[in-house]
Amino acid sequence: MEGEFHVDIGPQYEGEVIRKENLFMEFGGPKAAHKFELATVKNADEIENEKVEIIGPDIGDLQPYDPEKGGGSYPIAVLVDVAGGELDKDAEAIIERRLHMFTNMIEGWYHMNQRQDVWMRISKECYDKGFTSLRELGEIYILLYTSEMPIIESIQVTIITDPEKVKELLPHALEVYNARDERARTLNDEDVDTFYGCVLCQSFAPTHISIITPNRIANCGAINWFDGRAAAKIDPEGPIFAISKGDVIDAVKGEYSGANAIEAEKSLGNYDRVYLYSAFEHPHTSCGCFEAIVYYIPEVDAFGVVHREYKGETVVGETFSHMAGETSGGKQIEGRLGTGLEQLRSPKFIQADGGLARIVWLPKELKERFKDVLEAKGLYDKVATEEDAKNVDELLEFLEKCGHPWLQGEVELPA
Amino acid sequence: MSAVLPRHRVNVLTGIKSARLVEDAAECANYIQKAKRPLLVIGPLLLQSQADGKLLLEYALDLAKAGGIPICATAQTRGKMVELGVQPDCVYDAVEIVNALKDPDWKGVRKEGNHDLVMFFGIRSDLGSQGLSTLKHFAPHLKTMTLCKHYFPHASYSLTNFKKDAKWQEFLESLIAELQKGG
Amino acid sequence: MAVAETKKLSKKLEELSKLIRAEIPWEPVGPTPMPDIPDIRSWDMRLLKTYQPFYAPFCDLCCLCTYGKCDLTAGKRGACGIDIATQQARVVLLACLMGCSAHAAHGAHILEHLIEKHGRDKKIDLGESITIEAPHIRTVLGLKPETLGDLQIALEYVFKEVGHLLDSCHTGQEGSALDYESKALHAGMLDHVGMEAGDIAQIVGFNYPTSVADTPLVDMGWGAIDKSKPTILVSGHNPATSTEVIDYLREHSLEDQVEIAGVCCTALETTRYSDRAKIVGPLSRQLFFLRAGIADVIMTDEQCIRTDTPQEASKVGAAVVACLDKAMYGLEDATDMEADEIVRRMVGNGEHFAILDSAKAAEVAVKVAMEIAPKRRKEWLAEEEAIELAKKCNDCAMCEQVCPNLCSIGAGITQLAKGEFEPLRVLFNECIGCGKCEEECPRHVPIFRLMQVAAGNETWKARAGRGPIMDTEIRTVGAPITLGTIPGVIAIVGCSNFPDVDDVADMVEEFAKRKYIVVLSGCSAMVAGMKKDADGKTVYEKYPPDFEGGGVVNVGSCVANSHITGAAIKIANIFAALPLRGNYEVMADYVLNRVGAVGVAWGAYSQKAASIATGCNRLGIPVVLGPHSAKYRRLYLSRKEEDDWQVMDARKKELVETGEPSPEHLAYVCETKEKAMPMIAKLCIRKNDTPQGRAIKLNHYISLYKKYMGGGLPEDLHLFVRRDADIPLVYKKEVRAHLQEIGWQPREPVGLPTYIGTYPSKVSIDAVIH
């Protein structure tokens, strides 16, 4: 790979930001009317392997950004077409997301956002070093995709800068994105036979294994069921692997024979049962990476949630740090459940215990972040933050005043 | 035993065994040719040019070629060497090559057996002196030689303190010529 | 007999349990609370089996007793029977003991001073983000220190052990180099305890910043000092002196009128107390600054100070107050004299004094400075004058012969005589400040004054030391380290005996850019900030001060090094939930096998640096040293593929042949920064790396290798690739091709690697998992 490209490539360039002083040219972004990136799984015969096609003007044909006159922003569509025996439509999102990382890894390139908001910049130094064509970008993508994912058996990259063509293809891309979101929203545990297990953190927490399902994201927040699936395909002997779901022992609490079996196998014999959707009896273990803690407040028989970034004391007096010590280490601890933040949006979030309706305290930051799901359940005004209650007495007062459904006994636990 | 002081005072000998002073290029070549498995260890000072624009490294490579001597490239010397078309036999760093050499059972850089004459060229003098001390005390199975322009008391054989670089270059050129003859 | 012996053991344990308050169950007490010399010896021997001592004798002789001098060349034994290897190991132990005592005694002095001020019961509180206030004291002693008085328990233990260790240096004691090494490792471990006690005392007693990352940026460089004001220079390590001066200035509203600057660690202490104090620079600039005559009064305390400070001061008409009994220079002890009488004699007669009362010393120093400053000329040498003076040089090169850094001084001076300033600037960067050149020069060329034109009046920024790493920070970096976005922790620390002073800033930049966590302390923390980029920014201004990927942290002075090693212990305790109380061996085993951290002491020169590095080694942290450190006489090196890289898999309870030298060496000397950087990246690799973690580490190893070693792939790369998933993405094709060519075979990674189980130890393998 040495000497093959005009600039260096590596994760060390991922943090590189290109400001106006260094900007040569920009594709996508707020100043471009139409832009998108799209990965599509096709049949092998629909793809010309390792072909890079540029439709429209190339970097060398366009006016660069001028500090006085501005300009230098152009529409773009990046199409990555792949084929392979192990690939299916679900892999498209994973493949498409890689464009962000791959582009940022190129010295002198910067990539932000995704899908129809994509924004890319190339720096002056990069252009001066000889990176004068989008073709090179395509070739780098192909190198990195084929290096990382042997399940991609053939690949073709098309980069379109012709404004009319981009505009023409955008509606189709939007349809694809919507279909994906719909699928992610509606895919449940019931629809699949395979869950994924992750043991990345076992050298810190030897008894911890993470069970990842369509309704349960990993505690670290970094791996969802689709990610798990892709990772297991790419590296089947690695730390993320497929688990057979097995039989449903308790759908509400989220107990599955397959998950129990893997617990028994991987937790050094410590556990052989796990409830995926409850903080009681057999709660899911955590290592140390969880994004937030769901903690039990005995005085109100309900839960609070606190996230890592929240520095102060929670309503029970302990900070995140204090509680983290109790929550971590690969142990099943009733009333101290480590969780990924997006899990709060899962329809099965602690459903056996009452779900979101049993949350009575959130840091303000989290309450705003999850305003949509709270409002959908009519809970937004009923949850206290650090501004409403600093201790359990104030909390009780607040919850009574606003008539929180859990305290009113209005919440029905699922059968 | 010699009364020659090393160029840099920090390397002064406190002991009774010191290097044999070698001032004659033919004598020097003789020691090298008598060795069964010589080794040349080069250091980053060789990446500096001489007045005529020739890199010191080029002298080292010429010498190695003339004597058929394998090379261990310490520090970052490998880069320039490869650029000049020569692959090092070993890229151990200074302390690593000394550490290996002092083990009589080590198989050497070419796995043909440990070396019996090790030449050091281009390592900064204080580090070089310490490395030579290790070999003096712990490697009775081999002899060492230095080709830098200073005298190193801990070596088995060492050149004099050259006052003029030109004289030193002359010596190196004669040495290379002698080796080319004897080859 | 047996009954009596059991009784004796119980008494000792009883005493110990009382001291460490064993009955308070914050954690169960492990197997080695307050260990003595033999207690962790089996761990040492295991370490030394893989990381064998490599000796480079600095002197062929032993001159310790009256049977000598004994020549120990090539296997000969001395009159007492000692051989050269054992003699080198003995000297290493002596150095470590001096270093350990320096820190412990400094700590003890500070503690005494602070207990006078605040009382024994002053509580230790390091802020809301630090619950594990003393990882070393907790681990080594088994004590959770709650007050200043408790810190004294730690120091008393250290002093006791030091006494025993020093005993073993007497003639006719240890006959095994390995056992001297074990004792040196013990001294190193004790050093970190002593440093921790000292720095906690300072933070608590002087109200230093703690539990905060964003400490102030302070001014650094001789150019930062307002020469029109009276200037006091504090030189050394002990802030009992400088804090008193600052208090005095504050009380008398003189802070605007008097400059206070520091050289060496006390500069870092002083700027933690007042962000208006200035850092002159590291040890290597001490003599330069003295001879420049800018300081009116020099207050010395202890360690690393020019032993001819009074003589040098007299040359430039400055006054010296020696504030500590460690260095009194034969001066009159004026501790009980009237302050104004002392002032009168210092101002009138140019006398110097020792004043061991820090409050009095402060008052005298300020008064003297204010009186003599208006009478002194403080001018930087002008360029024309410099050129003239430089013409005295006839390039005899005597200076070059005596220079410890092997600099071509004569060449620089003769170029200056021709009006060329650049060679002199290069020289100034290489100058370590010993003054031997000027002493040797037959023409009496004032080399240090000439350096002034090269030094310029540059000022830089450094961040004030922030003390321990916060528990919250430790918790936050756990996930990125596991998931492979932070490739490692690199601590660039220690003295300023560099081959080139710019090397440090270059290394900080290289690794911070690559998202390593970079931690600094001591003289290295200063020089890291002494280089500006094209935008005029130092690394402290470019990178955030947080303990996170791409962060650049200054923990403070050299005693703050204990917080860096303490952070490694905290990772084991907080992140892996392993108990640390009296549990040193398990902590060290964890750090060695599972924490990707490397120390870099690029310019180490002192005995303190030796003991700090050796203490890091016992805890399982490898250290990369600059070329001068070959003169420490001893390294800990492995023989790579030839060595035993077997570990126990604590999960499967099986021995595994990993064949992976990670880390490859424990104490290693490197000639140039170009070689050092790929080596540092390689030394961050640990056997428990997840595939993502391994891939990011190999990415940087390969990338740095290509950048500095001329392209291609590292020759030993195959030893670090366990499975295809370990290969970094951008090099996948190249590395796969290479591995196939050499017939590489994949192997299974070890999830829970440990040395426990590979050697006889009191620790059971279950203790490693808890």
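Here are a few things to note about the model shown:
- Couplings 3J(HN,Hα) for segment C:742-758, derived from phi with the Karplus relation 6.51 cos²θ - 1.76 cosθ + 1.60 (θ = phi - 60°), are 8, x, 5, 10, x, 9, 7, x, 9, x, 10, x, 8, 7, 4, x, 9 Hz, where x marks Gly and Pro.
- Local electrostatic count at A:THR194 - Lys and Arg +1, Asp and Glu -1, tallied over other residues with Cβ under 9 Å: +1
- The Cys residues in chain A with no partner Cys Cβ within less than 4.7 Å of their Cβ are A:CYS126, A:CYS198, A:CYS402.
- Residues with amide H under 5 Å from that of C:THR754, placed H, sequence gap 5 or more: C:MET648, C:ALA650
- The charge dipole of segment C:92-181, taken about its Cα centre with unit charges on the Cβ of Lys, Arg, Asp and Glu (plus for the first two, minus for the last two), comes to roughly 220 debye.
- Among A:ARG98, C:ARG443, the ranking by other beta carbons within 10 Å of each residue's beta carbon, starting with the fewest, stands as C:ARG443, A:ARG98.
- The alpha-carbon of A:LYS20 sits under 20 angstrom from the alpha-carbons of these aspartates and glutamates, leaving out residues fewer than 8 places away in its chain: A:ASP66, A:GLU68, A:GLU107, A:ASP117, A:GLU125, A:ASP128, C:ASP533, C:ASP535.
- MRE, 222 nm, helices only [DSSP H, n ≥ 4, -39500 (n - 2.57), over the protein assembly as shown, to nearest 500]: -11500 deg cm²/dmol
- For the protein assembly as shown: rounded, prolate or oblate by the Cα gyration tensor [a/c cutoff 1.5]: prolate
- For chain A, built as a Gaussian network whose Cα springs stay under 10 Å, the top-fluctuating residue of A:ASN219, A:ASN260, A:ASN391: A:ASN391
- Here's the picture: charge each Lys and Arg Cβ at +1 and each Asp and Glu Cβ at -1 in the protein assembly as shown, and of C:GLY350, C:THR243, A:LEU276 the one pushed furthest to the positive end of that dipole is C:GLY350.
- Subtracting the Cα-Cα distance of C:ASP275 and C:GLU383 from their residue separation scaled by 0.36 nm leaves 35.6 nm.
- Computed label-point distance, nm, for sites C:MET45 and C:ALA359 using a 7 Å Cα→Cβ extension: 5.5
- FRET efficiency, 1/(1 + (r/R0)^6) with R0 22 Å, evaluated for A:GLU190 and A:ALA264 via beta carbons: 0.40
- Going from the fewest other Cβ atoms within 10 Å to the most, the residues C:CYS558, C:CYS393 appear in the order C:CYS393, C:CYS558.
- Residue among C:ALA319, C:ALA362, C:PHE288 farthest towards the positive dipole end of segment C:222-375, charges placed on Cβ: C:PHE288
- Segment C:412-434 versus segment A:381-415: alpha-carbon centroid distance in Å: 74
- Ordered by the number of other Cβ atoms lying within 10 Å of each residue's own Cβ, fewest first, C:ASP589, C:ASP83 fall into the sequence C:ASP83, C:ASP589.
- Charging the Cβ of each Asp and Glu at -1 and of each Lys and Arg at +1, and nothing else, the dipole of the protein assembly as shown about its Cα centre rounds to 4000 debye.
- Note on segment C:21-206: Cα-Cα pairs beyond 24 Å make up 47% of the total pair count.
- Since only A:ALA173, A:MET149, A:PHE131 are under comparison, the one whose Cα sits farthest along the positive direction of the charge dipole of segment A:11-186, derived from C-beta charges on Lys, Arg, Asp and Glu, is A:ALA173.
- 5 angstrom amide H check on C:PHE353, placed H, neighbours 5+ away: C:VAL320, C:ALA322
- Point-to-point label distance, A:ARG135-B:ALA26, nm (Cα→Cβ direction, 7 Å offset): 6.5
- Legend: distances between Cα atoms for B:LYS34/B:LYS163; C:LYS227/C:LYS436; C:LYS653/C:LYS687; C:LYS183/C:LYS675; A:LYS377/A:LYS401; B:LYS143/C:LYS76; pairs beyond 20 Å are B:LYS34/B:LYS163; C:LYS227/C:LYS436; C:LYS183/C:LYS675.
- Set of segment A:163-177 residues, backbone N closer than 11 Å to the point 7 Å along the Cα-Cβ line of A:LYS89: A:176-177
- Lysine-lysine proximity count for segment C:531-615, Cα under 30 Å, sequence distance 8 or more or distinct chains: 6
- Electrostatic tally near B:GLY15: other residues with Cβ closer than 11 Å to its Cβ, Lys and Arg +1, Asp and Glu -1, net +2.
- Hydrodynamic radius (Kirkwood) for chain B, which is based on Cα pairs only, to one decimal in Å: 16.2
- Paramagnetic reach from C:THR171 in segment C:51-65 [backbone N under 12 Å; point 7 Å along Cα→Cβ]: C:62-65
- Unit charges on C-beta of K, R, D, E only; dipole of segment A:90-226, Debye: 400
- Cα-based helix-to-principal-axis angle, C:339-349 vs chain C, degrees rounded to 10: 60
- Spherically averaged projected area of the convex hull of Cα atoms, chain A: 22.7 nm².
- Once the Cβ-Cβ distance of C:LYS12 and A:HIS322 is raised to the sixth power relative to R0 = 35 Å, the FRET efficiency obtained is 0.45.
- Percent of Cα pairs exceeding the 44 Å cut-off, where the set is chain C: 25
- Under a 5 Å amide H cut-off, with hydrogens placed 1.01 Å from N, A:PHE24 pairs with A:ILE122, A:SER123, A:LYS124 among residues at least 5 apart or on other chains.
- Distance violations [Cα-Cα > 18 Å] among B:LYS111/C:LYS640; C:LYS326/C:LYS631; C:LYS392/C:LYS418; C:LYS315/C:LYS391: C:LYS326/C:LYS631; C:LYS315/C:LYS391
Coordinate-derived values only; no laboratory data. What you are looking at is a predicted structure, and each value in this text was computed from that prediction instead of being measured. Cβ atoms come from the backbone with ideal geometry, glycine included; neighbour counts cover every protein chain shown.
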